[in-house]
Structures are given as C-alpha cells and as structure tokens.
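Just so it is clear, none of the values below were taken in a lab; they were calculated from the coordinates. Note that this is a predicted model, so its numbers are computed, not measured. Methodologically, a virtual Cβ is constructed for each residue, glycine included, from the backbone with ideal geometry; neighbour enumeration extends over all protein chains shown.
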2 protein chains.
Amino acid sequence: MVIHYPNGKAYQAPAQSTAPSRVEYGGRGMTLEQELNASNDYYRVTGRAVVYKKPIPIQLVKVDYPKRSQAVIREAYFKTPSTTDYNGVYQGYYLDFEAKETKNKASFPLSNFHDHQIRHFKECLAQQGICFVVIRFATLHRLFVLPASVVLTAWSASTTGRKSIPLRQIEAAGFELQPQLQPVVPYLDGVDWLIQTKVGTTHGK
Amino acid sequence: MVIHYPNGKAYQAPAQSTAPSRVEYGGRGMTLEQELNASNDYYRVTGRAVVYKKPIPIQLVKVDYPKRSQAVIREAYFKTPSTTDYNGVYQGYYLDFEAKETKNKASFPLSNFHDHQIRHFKECLAQQGICFVVIRFATLHRLFVLPASVVLTAWSASTTGRKSIPLRQIEAAGFELQPQLQPVVPYLDGVDWLIQTKVGTTHGK
C-alpha cells in the first residue's frame, strides 16, 4: 500500500523503504518494523526499557459518531513527521532511532533517510540523546546498530561525494547484532556498546 | 468534538479534559495543548530541549489515492494510546509528561488520568525518566509542574480514599510556573527543579 504525503510525495514506511514486501528473516516472516515492535514489547514487559514507535501523524477533517458504535474517521490526511520513528528511555538515557532495511549487499543508500530525520538526529544529539539507526542488510541477513553521527557525517559529505555508506564502514563504525529468539532485534546490546564508548564525552553527568 | 475509543468510551483530549471550550489565559486564547506545542517549538528552536506531542494512534482501514493529488484516509479508527502525550530529551534526561486542565478551585480530580498513563509513568520512572504532569487550574490562572510520583501515590490511595489531589498538596509537592511571553509554558523551570531535587537518587550516573 503506497501512502502519500500532503505534497503528493510517496510515503516510505521506514522499516520497509527498500523492501516493500515482507522479508523472510530467520524464518519468522516479519518486517523489521514488526520485529522491532515485538522487541520493544519484550524489553518493556521485562523491565529493560520503555520504547515505542510513534504513530503516523494525521490531520483529521471529518469524524462520524454512529450511535452505540465507535467513532469512524471519514476524511483525514497524512502529515509529514517531524521526528524519527522510535524513542524512549533506558536506564535514564534518552533513546532515539530509525529502522532501515536494504537489499543492497555492499552499501547502505542515504536516500533511505529524509531531511526531517537528519535534522531531528542533530537536535537530539545536541541534547545528549543516544541516537542511532537499526540497519538490516536483508539479503545478507545482517543487522547493525549504527551511531547517528556516522549517518550525519555521510549525509553532509553526500552533497558532493558518494550517496551511500559502505558496508565495510558500517562494520567498522557500528555494532553488529546477533539474531536471537527473544528479543528478535536485541538492539539494547548496541545501545550498551554506544553508551560504553560515549560516556564521558556526551553523557558525563 | 467528541472522539471515541474503539470500545466506545469517549476520548478526552488531555489538555482539555475538563475544559472543552478554549480557555482564555493571559489573554492569548490558546488551550494548554496549544500553549505547550508553542513552548516546545520555542525550546527546540532555541536549542533548549527536543520535545514533541505524540500523534494520536490511528488504525487505517481504507486510503484513497486520487490521481495527481494527496492520499485521503476514508476509513480509520482511533486506537487507545499506550503512553502519555509528550516526551523528549533535555540535557541527556528523558522527559515524559501529560498536560491536564481543571476548572476546579480546590483540588485536581484523578478522573483526568487514564490507566495507560499511570502504567506508563510507572514504567518510565523505573527507567529513571523525568516524569511529571503540567496542571493548570484554569479558573485560578495557576500552572504547576507536579512530579508523577505524587500522582501515582494519590492514584493508589484513591481506590479506598479521596479521588482528587488537593491544591494545597500540589502547592507543597509541585513547582508553580510563572506565566511569561516566551515560552508561554516555561515547564523546563519545573524540570530543572525536579532534576535538582532528584539527582543522586534517580539519575546519579
């Protein structure tokens, strides 16, 4: 299903940007977004972290209230989001991230990012948030937590230079997640690594 | 406009729970929600904090894509939110809050809160988030930042005891905000006070 922004531009579901069909991964047949929602549920129920995906912002125009029944939205429009998709709290740290998927095998295309996500990452990093991207190389069955700072640097360079981040750079600058049963996407392992490498510089309270 | 949850229960816009009509406050004629959105914009633009109101969660059923035009949602339903309305990051701290308004003069009715908000506050406090409620006594023209812990205690006691928080308790346990031009709701003043009184116990990294 293709959804459009008010300006007519196609909305790309973040977790499915380059993989609109369901990706068979580890035999579970869930999209990255579904896997992250399940992982967030797991982390919340087990008291590890409180993280949610933000709802898609909607402009309501017409809502019907049938008697003895629930309200029905009859006319509404998609608004352009202002932020990334996921945020929450983990041991006092503010977490903020996007989920992205690619079928590429050698690099991650920066076209998967939108201006508002880049701007939001910059603002959150300035407030000492823990900001990152969960990147899946679907064909390779590999999953990474990549610091937002790496994306910002590549984004700035892309105006004159290359429009993607090489896999070898993601391997070097990111944290590879090992798929497991529960949670399916153990991204807090990458967050622990991020905090360990960053404490004292960005979160030295 | 009354909106209903899928179970038919009426949705109460958080900032207008007991004041569905616009409240004239300081001559600006904005609701508390509008004032908070303006304040969040101000804090973000000035680099003080990154805080957004979460969109209302929607279940999409039918979306039309007229040619050369933007997508139109033709059938959708409101879902019960899982969280509070506002969250974000401030100097490395995770902020999470609700906005509530009452016309009462002597106490704040706990009926303004919903189960999911109480549960979410508990979970976020366990993760060392900075959780609070911005409460406006519309008739009195008084505005407070009240720690979520005070609400949780009153909520627990309300099963057998009183169903509201007395104003005198809010005066004693909360932080009164002084209305000003920019931002209209200077809630970070209350957050600074919260952090000052709490550091070492909940956020002593």
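Data overview
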quantity	calculated
Amide proton proximity set for B:I58, modelled H, under 5 Å, gap of 5+	A:I56, B:K79
Residue-by-residue Karplus 3J(HN,Hα) for segment B:44-61, coefficients 6.51, -1.76, 1.60, Hz, glycine and proline x	6, 5, 8, x, 7, 6, 10, 10, 10, 7, 6, x, 6, x, 10, 9, 6, 10
Per-residue mean of C-beta atoms belonging to partner chains within 10 Å, peptide B:65-78	6
Percent of C-alpha pairs per 5 Å bin, segment A:80-152, short to long	3, 16, 28, 24, 16, 10, 4, 0
Sites matching trypsin sites (Lys or Arg not before Pro) across segment B:49-131 that sit in DSSP coil, with at most 10 neighbouring C-beta atoms within 10 Å	B:K67, B:R68
Gyration tensor verdict on segment A:34-142 (Cα atoms; rounded if a/c is under 1.5, prolate if a/b is larger than b/c, oblate otherwise)	prolate
For A:V185, distant residues with modelled amide H under 5 Å away	A:S39
For A:V150, B:V185, A:V61, B:V51, order by how many other beta-carbon atoms lie within 10 Å, fewest first	A:V61, A:V150, B:V51, B:V185
Difference of contour (0.36 nm per residue) and Cα-Cα distance, A:E171 to A:K198	7.9 nm
Sparsely packed trypsin sites (Lys or Arg not before Pro) within segment A:125-185, loop by DSSP, other Cβ within 10 Å at most 13	A:R162, A:K163
Extension gain (nm, one decimal) between B:D115 and B:R48, 0.36 nm per residue minus Cα-Cα	21.0 nm
Cα gyration tensor, segment B:151-190 - rounded (a/c under 1.5), prolate or oblate	prolate
DSSP beta bridge pairing in segment B:78-205, given as percent antiparallel to the nearest 5	70
Residue-averaged beta-carbon neighbours from other chains (10 angstrom radius) around B:105-111	0
Residues B:D189 and B:Y65, FRET efficiency given R0 of 60 Å [Cβ-Cβ distance, rounded to 0.05]	0.80
Values of log10 I(q)/I(0), in the order q = 0.16, 0.21, 0.23 Å⁻¹, for segment A:81-205 under a Debye, Cα-only, solvent-free model	-0.77, -1.33, -1.55
Student exercise, segment B:74-149 dipole from Lys, Arg, Asp, Glu Cβ charges, in Debye to nearest 20	280
